[in-house]
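Below: the structure, in structure tokens.
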Amino acid sequence: MKEVILAIETSCDDTSAAIAINGIIKSNIIKSQGVHSNYGGVVPEISSREHQKNIILVVEEALKSAKVKKNDLNAISFTIGPGLLGSLLVGCSFAKSLSFALNLPLIGVDHMKAHVLSNFIDNPIPDFPFICLTVSGGHTQLVLVKDFLNMKIIGETLDDAVGEAFDKSAKILGIEYPGGPIIDKLSQKGNPLKFKFSKPKVSDLNFSFSGIKTSILYFVKSQMEKDPEFIEKNLNDISASIQYSLVEILIEKLIKAANKYKISNIAIAGGVSANSLLRIEIEKVKKIYNWTTFIPKIEYCTDNAAMIAIGAHYYIKEKRFDDINVCPNPRLNF
Ligand SMILES: Nc1ncnc2c1ncn2[C@@H]1O[C@H](COP(=O)(O)OP(=O)(O)OP(=O)(O)O)[C@@H](O)[C@H]1O
Ligand SMILES: [Mg+2]
């Protein structure tokens, strides 16, 4: 029988719906909520209201673009957590209603496992075991992936996520939210070695990004006192130097993890895996260490329902379904 999955992702500020047929993505519609740039970060209450406004349109668009009718579906999946509770509730309630109305199985998918599984959307796909560096707005994790749903966190941030470090550094420079992609763009024309920021000293495979963020803040403040046009004159170089420092931290820990676990299949995932320098550096390092690397397409790096659909495909293989009483878990941790 054909397996036709509708997936819904509403964990943060992107409303997304996707259709997968037999594990192949047929559509992936993403409606981002630009409204948060006015506030310098995601406002949870506004995010849930925007999901409520967008969800029907996004789901209809996903069905239309995949040329699938509601009656062709045979499973409904959604992001169960982690994320913002009000946002998760919109996707979860919508999925529950649809599964009840159409009498279809319901599958709540872990958002962080789904980020890792974005590496299974397109070929080539990784062999097990592999290590995935998952870097996003809320998480920075080194994940040992033993099987599709058998994953273990072997390192993670003790404070801020690297995406947060990009966004908060951008805010210091007067760049609107989300600053990560803009820092990436400005860096193309900057000198990454012009300014140096102190690197965190964190043991083993864990990360810390709050210190570097503070050192960027004090550095910029002190320079602005000397020259009020410092940011304006040096924006490309400051951006490139911040990006270089953050990516260097990620690469160093990734090498350490690969050596410690003697694993040479290496993947990346999450919004920050869209970063051009990270993608370039991984390709450089792979030659030195003889890695086989897996890098998802940009549209599957930031939040998207395609990765939830792929997640659901593997949940179905393991017969992991939810019942109608299921509730989202904003702090879900695997
Ligand atoms: N090219 C880029 N360079 C650096 N950072 C980027 C780039 N593109 C996106 N980001 C960052 O990715 C983050 C968003 O990623 P994603 O959508 O996966 O996070 P999230 O869903 O908010 O968090 P989580 O997945 O941890 O719940 C933001 O911090 C954004 O600045
Ligand atoms: Mg995410």
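The values are calculated or read from the model by the stated rules, or taken from the named source; none is laboratory data. If you're wondering where the values come from, they're calculated on a predicted model, not measured in any experiment. Here the Cβ positions follow ideal geometry from the backbone for every residue, glycine too, while neighbour counts run over all protein chains shown. Note: areas computed on protein heavy atoms with side chains; ligands, DNA, RNA excluded. Shrake-Rupley method; radii C 1.70, N 1.55, O 1.52, S 1.80 Å.
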For helix 276-289, what angle does its Cα long axis make with the longest principal axis of the chain, in degrees from 0 to 90 and rounded to 10? 90 degrees
Return the subset of LYS2/LYS317; LYS31/LYS317; LYS26/LYS319 for which the Cα-Cα distance in this structure is over 20 Å, preserving the input order. LYS31/LYS317; LYS26/LYS319
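To the nearest 20 Debye, how big is the dipole of region 137-215 about its Cα centre, given +1 on the beta carbon of each Lys and Arg and -1 on that of each Asp and Glu? Before the final figure, lay out the partial values.
Details: 11 positive and 9 negative charges, 84 e Å.
It works out to roughly 400 debye.
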Tilt, helix 230-261 to longest principal axis of the chain (alpha-carbon atoms), in degrees rounded to tens, equals 60 degrees
Give me the aspartates and glutamates in straight-line cross-link reach of LYS284: C-alpha distance below 16 Å, same-chain residues under 8 apart excluded. GLU248, GLU252
Signed unit charges on C-beta, dipole axis of region 126-295, positive-most listed residue LEU217, ILE175, LEU205: LEU205
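Take peptides 217-223, 114-120, 16-22, 143-149 and line them up by average Cβ neighbours within 10 Å, highest first, as a rough protection proxy.
Values: 217-223: 14.6, 114-120: 26.7, 16-22: 25.1, 143-149: 17.9.
Packing proxy ranking, top to bottom: 114-120, 16-22, 143-149, 217-223.
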So for the chain, taking the charge dipole from beta-carbon charges (+1 Lys/Arg, -1 Asp/Glu), which of GLY190, THR292, LEU57 sits furthest toward the positive end? THR292
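For Cα pairs less than 8 Å apart in space and 6+ apart in sequence, what is the mean separation divided by the residue count of region 126-295, i.e. the relative contact order in percent?
Values: 305 pairs, mean separation 48.2, N = 170.
Dividing the mean separation by the residue count of region 126-295 yields 28 percent.
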Dipole moment magnitude, nearest 20 debye, region 126-295 about Cα centre, only Lys, Arg, Asp, Glu C-beta charged: 500 debye
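Roughly to the nearest percent, how much of the accessible area of the chain is carbon and sulfur, given a 1.4 Å probe? Don't skip to the end; give the middle numbers.
On the way: 7990 of 15080 Å².
C and S fraction of accessible area: 53 percent.
What whole-number volume per residue, in cubic angstrom, does the convex hull of the C-alpha atoms of the chain give?
Working: hull volume 42.2 nm³, N = 334.
Expressed per residue, the convex hull around the Cα atoms of the chain is 126 Å³.
Calculate, for the chain, the solvent-accessible area per residue in square angstrom, rolling a 1.4 angstrom probe over the heavy atoms of the protein chains. If you can, show how the numbers build up before the last one.
Working: 15080 Å² over 334 residues.
So the chain comes to 45 Å² accessible per residue, rounded to a whole number.
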Note down the magnitude of the dipole of region 35-93 about its Cα centre, charges +1 on Lys and Arg C-beta and -1 on Asp and Glu C-beta and zero elsewhere, to the nearest 20 debye. 200 debye
Once ligands and nucleic acids are excluded and a 1.4 Å probe is used, how much of PHE128 is accessible, expressed in Å² to the nearest 10? 70 Å²
